[in-house]
1. Report whether or not GLU51 is among the acidic types (Asp, Glu), surrounded by 19 or more Cβ atoms within 10 Å (Cβ to Cβ), closer than 21 Å to LEU116 by Cα and touching a strand residue (DSSP E or B) at 6+ places or on another chain (Cβ under 6 Å).
2. Of all residues being in a helix (DSSP H, G or I) and touching a Gly at 6+ places or on another chain (Cβ under 9 Å) in the stretch 141-181, which is nearest to ALA217 (Cα to Cα)? Just the residue, please.
3. Only residues that are among the small types (Gly, Ala, Ser), closer than 28 Å to VAL105 by Cβ and part of a loop (DSSP other than H, G, I, E, B): list them for the stretch 351-397, please.
4. Going through the stretch 20-40 one residue at a time, which ones are out of contact with any strand residue (DSSP E or B) (no Cβ under 8 Å at 6 or more places or on another chain) and either assigned to a helix (DSSP H, G or I) or crowded, with 17+ Cβ neighbours inside 10 Å (or both)?
5. Would you confirm whether any residue within the stretch 50-72 is without any contact (Cβ under 8 Å) to a residue 60 or more places away in the chain, more than 24 Å from GLU345 (Cα to Cα) and not in a helix (DSSP H, G or I)?
6. How many residues are more than 19 Å from VAL24 (Cβ to Cβ) and crowded, with 21+ Cβ neighbours inside 10 Å if we restrict to the stretch 340-359?
7. Considering only residues that are under 23 Å from LEU289 (Cα atoms) and assigned to a helix (DSSP H, G or I), which ones fall in the stretch 244-277?
8. Among the residues of the stretch 116-140, write down those that are hydrophobic (A, V, I, L, M, F, W, C) and either out of contact with any Gly (no Cβ under 7 Å at 6 or more places or on another chain) or within 18 Å of ARG192 (Cα to Cα) (or both).
Amino acid sequence: MKLTNLETFVVGTPPPHWGGQFWVFCKLTTDSGVVGYGEAYAVPFDPAITEQMIRDVFERFFEGQSPFHIEKLWRRVYSAGYTQRPDVSMMSVLSALEMACWDIVGKETNQPVYNLLGGQVHERLRAYTYLYPEEGDRADVYVDADMAAERATEVMEQGFTAVKFDPAGPYSSFDPRQPSLERLEICETMVRRVREAVGTRCDILFGTHGQFTTSGAVRMARRLEKYDPLWFEEPTPPDSEHELAKLAAKTSIPIATGERLTTKYEFARVLRGGAASIIQMALGRVGGLLEGKKIAGMCEVYYAQIAPHMYCGPISAMADIQLSTCTPNFLIQESIKTMGDFHAEIVKTPIRVEEGYIIPPAEPGLGIELDEEVARANPYRGDRLHLEMSQEPEPFG
């Protein structure tokens, strides 16, 4: 069996763009006609350039090769151009091609990918969702504590046992910064009201996007500890695990991080330095499924758990689910509400979320098939990146 053909799809997401402005999918086909799908997550270039990157890597390293030779292919791509170091763009491209290979291997062996990575451990996956705004809301769920508490109660009634929200303010290219007293008060009030609303039936996941300096994050953590959040997510930028470790040593709140990290090498530094105990790898960026499995294995050594990041399309999301299903130290899986709307429309069989739990698929491969007609009918025509930060320093606060 050899890989013979590549096709790419850049799909624009409809408003409100949950999961990003667009999704980049790839489709690999073998000489025997078996098809596999993959997804590249958040390459920091125009998606047309990402398509070119995927094609270049396919033609250089994957075309004519066996999809079973994942370790060999991974090392060749990781070393391309005499690099051999974590590179977020190359690893996102590699992730898409690698997960497509796993999809093919699973279909060829008639097994779901999780059975090929150690076997099923979890029959269902505990999930969480952000508190997203809804059309007609009377207030901004991101800063209005009463609205957040109401939405958290609604999510809990759907069966979710954890909710996440980020009231820490906009994130900027000029972060990290100190939070103002006003912002500290907004955050504490939001957490307090949500805790009062959900009691002990629901965990609180306090999300940030690297906005804070280490000392600012310590100030925030001290205000939030009394409400017992399950985690404090990415409180400082991802480029210094040493600073994050300083925070981890000064708070009882578990630190979560990883959505902007890639490969086992970056995660090893986080784990070795004690910077985080909850690891949030994104399978469309980290280097693929096998790399994610290796990182999860390293986490076991440090008694860390995985909570894969999922702000993406449904193919990368399903790769997350495959990894979570076969990982003993799995904690919780991100979901975008109940994975309905466009996430369900663009695939032939939607991801199953039942009463706050994701049900792993039993079908071979990744267990999800792109609806190519829908993908082609929704091309991306914008000029924005997948996610964008404010290009100016944020005002104090």
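Just so you know, all these numbers are worked out from the coordinates, no wet-lab data involved. What you see is a predicted model, and the numbers here were worked out from it, not measured in a lab. A quick note on method: Cβ atoms are made from the backbone with ideal geometry, for glycine too, and the neighbour counts reach across all protein chains shown.
1. It is false that GLU51 is among the acidic types (Asp, Glu), surrounded by 19 or more Cβ atoms within 10 Å (Cβ to Cβ), closer than 21 Å to LEU116 by Cα and touching a strand residue (DSSP E or B) at 6+ places or on another chain (Cβ under 6 Å).
2. Top of the filtered list is LEU181.
3. ALA362, GLY367
4. GLY20, VAL34
5. yes
6. Qualifying residue count for the region: 3.
7. Matches in the stretch 244-277: THR263, LYS264, TYR265, GLU266, PHE267, ALA268, ARG269, VAL270, LEU271, ARG272.
8. LEU117, VAL121, LEU125, LEU131, ALA139
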